[in-house]
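The values are calculated or read from the model by the stated rules, or taken from the named source; none is laboratory data. Note that the coordinates shown come from a computational prediction; the quantities given were computed from them, not determined experimentally. We place every Cβ from the backbone using ideal geometry, glycine too, and count neighbours over all the protein chains shown.
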Amino acid sequence: MNTNEVSYMLEIKDLRVNIEDKEILKGINLHVNAGEVHAIMGPNGSGKSTLASALAGRDYFDITHGKILYEGRDLTELAPEDRAREGIFLGFQYPVEIPGVSMVNFLRTAINSMRKYRNQEPLPAGEFLKLMREKKKIVEIDSDLTNRSVNEGFSGGEKKKNEIFQMALLDPRLAILDETDSGLDIDALRIVANGVNNLRSPEKATIIITHYQRLLDYIIPDFVHVLYKGRIVKSGDKSLAKELEEHGYDWIKQEVDMDA
Amino acid sequence: MKDTLEALSTADKYIDLFQQNKKQISNGDPQFMKELREEAIHSFERTGFPLRKHELYKFTHLEPVFDGELSFQFTPRNIQFEDSEIFSCDVPMLNANVLTVLNGFYYYPSGSLLNELDNGIIYGSLKEAIHRYPDLVARYLGKNASMQNETFVSLNTAFSQDGIFIYVPEGLQMEKPIQIIHLLLSDKNQMVHHRNLFIVEKNAKAEVIICDHTLSPQMFLTNSVTEAYTGENSDLDILRLQNEHNNSCQVTNTWISQDRASRCQHGTITLHGGMVRNNLHVRMEGEGASTSTLGLILTDKIQHVDSFTVIDHASPNCTSNQYYKGVLDDMSTGVFNGKIHVHPNAQKTEAFQTNNNILLSNTAKMHTKPQLEIYADDVKCSHGATIGQLDEDALFYLQSRGIPRDESRLMLMDAFANDVISRIQQPALQDRISELVGKRLRGELSRCNNCVMHCQD
């Protein structure tokens, strides 16, 4: 066995993805180790959300080439629910409203489905409620929200907090947060960032996808990557994010377009 | 004169059947009933069965079913029927007076044909009520259920002999809901007519649950009529739960007439049934009446369910809310035809209609047709109809939290169906129906667990 393959938590190798015959990702390479926080930045339309969806298993596009290895295992053949049960979590840019499905029923089904996968008994109601109470505190979520239908009538900020709340409950090893900062005011941003920071640990990794640098003031990344036209065109440490904040994306675009 | 027997139309056969058995059918009938039957058979003779091209029956061609090989029964058959063994009611929170109708005849192993309470409330066999209270029954029976161009009402009026009669006099309230269980049990294919008449007088209140079941696998064709009258400022809730096997055919005709400021809710939950046609006519006769009509159909295989509804706003200031939903799988078909008729004098009408459907397969079909006829100018009316699929974004969201796709689909279907169930006014029934619907969607329900527990397949 090649030890190199299992040493990364996540290894993306030359990933190419098409949506309706248009190539959106044109060869992504990325390594993520346990304990690391990676930020993926880039202008609109560069393929950031497509990358997040490809990791979580959305199937409206074709993976034409390359591999996604998670803990040494190829993810591309796994159903979204199995990726989740293997410890991958996607925080949605636009959390979906599901009228008629209560938050409590949804969360309990999710947790018990994860437990079943690990051959554990369903969590008794009392323990489940206790767990909910604990995790709610992390994101300062209003108790009323858990009595409603999933995301229905939630404000933008509540929806994003709800994503982090679910992340806390499901306790993933790899969290991918897709534009979790968009549409948040400064207080909500701080709460969401605190939530993420609280869940950091040496066994876990986080990929933060964002357009702006401001979230990275609260969650300090180990690595910053710039995605542009379907490729990672620049990688660096947190100072790269600062540079982008000051100068925008134009200088990177120029560099890339000149090379081409 | 017809040349050969083969040339007899289906309608001719039924007319002949009536003439041949008239004596038995109308045995003991008071004069008004005899006249009503004659009127009905003549009306049927004029209309015949709806032709294939008939606009109102475009998707549901019933004549071939009526032409099938069916046996008829004009007297109650002495079926050995172990009440407690075959049949036990499992509606724990539902503390109801249970009335059973077996193959169209009131069935009472113990107790009496007609329950006559001291306060004047009467419920039990319609046949018996016709005998004992001919004047009361004659005032209502057949007065609202029109025979004008209504083939199936005419046929039922000519042939039906029994069913359930409920009478709640002015100012009174039934202590418990009444649960009517229509059972079908036979050793051969059979046609059944039965008839219900509910009279709820001024300021009175009644709740009725109707369950339709088959107890044996034979093909059954049921043509039933339920007539209801709600007096001034009265309340009537009717909830019908259809769960006949998929080899049966059921035509229901429900005619509700509402007096001033009365409130009525009518719900139809179709869990199973081969070919089902539900005709619902609600007529708001008196000013300020309100009505809420609910419908939920869950179909798969080659089931066919056709909901035909007419909400008649005949007076000013009436309100109607209609909420019908369908979940259709496999090769099943559904039809919704929702007519709202606002008469010229019915100013300040508020009428709302929604019909939402989900198709789970590429071969399931739904035909939906909202039909608003508004002849008054100061009204608020709206309608909306949708046919779609389960929301892929919502499915992915649930899956991304570790919930398997099948389970995610069920959660979304449950939520979709519960949107109707949550509007049922009796909270005790909501939970029970919700559970039944959940079972139905999971494919765990072959027959109704609501009432009939030990039925063979």
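Restricting A:137, A:116 to residues that are closer than 19 Å to residue A:167 by Cα and away from every other protein chain (no Cβ under 14 Å) narrows the list to A:137. Exactly one residue among A:27, A:66 is in contact (Cβ under 8 Å) with a residue 60 or more places away in the chain and either crowded, with 18+ Cβ neighbours inside 10 Å or away from every other protein chain (no Cβ under 14 Å) (or both), and that residue is A:27. Looking across the range B:98-123, the residues that are surrounded by fewer than 21 Cβ atoms within 10 Å (Cβ to Cβ) and on the phi > 0 side of the Ramachandran plot come down to B:111, B:120.
Please state which one of B:353, B:347, B:371 is of a type outside the set (Lys, Arg), over 30 Å from residue A:173 (Cβ atoms) and outside any strand (DSSP E or B). Let's see the steps before the verdict.
On the way: B:353 fails: outside any strand (DSSP E or B); B:371 fails: outside any strand (DSSP E or B).
Just a single option satisfies the conditions, and that option is B:347.
Could you list, ordered by first residue, the pairs with Cβ atoms under 8 Å in which the first is in the range A:106-121 and over 11 Å from residue A:85 (Cα atoms) and acidic (Asp, Glu) and the second is in a helix (DSSP H, G or I) and at pLDDT 95 or above, at least 6 apart or interchain? Short answer, once both residue conditions are applied: A:121/A:115. Considering the range A:122-147, the residues that are of a type in the set (Lys, Arg) and crowded, with 17+ Cβ neighbours inside 10 Å include one that is farthest from residue A:35 (Cα to Cα), namely A:136.
Counting only strands (runs of 3 or more DSSP E) wholly contained in the range B:146-260, the ones carrying 1 or more residues that are under 16 Å from the mean Cα position of the chain (by Cα) and closer than 20 Å to residue B:284 by Cα occupy B:190-200, B:205-214, B:220-230, B:235-243, B:249-258.
For the range B:208-228, the set of residues classified as crowded, with 23+ Cβ neighbours inside 10 Å and either among the small types (Gly, Ala, Ser) or in contact with an Asp or Glu (Cβ under 8 Å, 6 or more places away or on another chain) (or both) consists of B:208, B:212, B:213, B:214, B:220, B:222, B:224, B:228, listed by residue number. Under 7 Å between Cβ atoms, which residue pairs at least 6 apart in sequence (or on different chains) link something in the range B:298-312 that is outside any strand (DSSP E or B) with a partner that is of a type outside the set (D, E, K, R) and crowded, with 23+ Cβ neighbours inside 10 Å? Every condition considered, the pairs that remain are B:300/B:332; B:301/B:332; B:302/B:332; B:303/B:273; B:303/B:332.
On inspection, residue A:175 passes the criterion of being part of a strand (DSSP E or B), touching a Lys or Arg at 6+ places or on another chain (Cβ under 8 Å) and touching a residue at least 24 places away in the same chain (Cβ under 8 Å). Residue-level analysis places residue A:99 among those that are within 9 Å of another protein chain (Cβ to nearest Cβ) and closer than 26 Å to residue B:421 by Cβ.
Applying the condition of being crowded, with 18+ Cβ neighbours inside 10 Å and touching a Gly at 6+ places or on another chain (Cβ under 8 Å) to the range A:71-96 and asking which residue is farthest from the other protein chains (Cβ to nearest Cβ) yields A:75.
Screening residue B:393 against (1) in a loop (DSSP other than H, G, I, E, B); (2) within 14 Å of chain A (Cβ to nearest Cβ) leaves a single unmet condition, (1). Taking the numbered list (1) among the acidic types (Asp, Glu); (2) under 18 Å from residue A:55 (Cβ atoms); (3) away from chain B (no Cβ under 14 Å) in turn, residue A:163 passes all entries but (3). Checking each residue in the range B:198-227 for being closer than 25 Å to residue B:289 by Cα and either among the charged types (D, E, K, R) or touching a Leu at 6+ places or on another chain (Cβ under 6 Å) (or both) picks out B:200, B:201, B:202, B:204, B:205, B:206, B:207, B:209, B:227.
Checked across the range A:221-230, the condition of being in a loop (DSSP other than H, G, I, E, B), surrounded by fewer than 19 Cβ atoms within 10 Å (Cβ to Cβ) and either of a type in the set (Gly, Ala, Ser) or at positive phi (or both) holds for at least one residue.
Can you name the residue in the range A:178-205 that is assigned to a loop (DSSP other than H, G, I, E, B) and either surrounded by 24 or more Cβ atoms within 10 Å (Cβ to Cβ) or basic (Lys, Arg) (or both) and is also nearest to the other protein chains (Cβ to nearest Cβ) among such residues? Step by step, filter the range A:178-205, then rank; the result is A:180. Scanning the range A:54-63 for residues that are more than 13 Å from chain B (Cβ to nearest Cβ) and within 17 Å of the chain's Cα centre (by Cα) turns up nothing.
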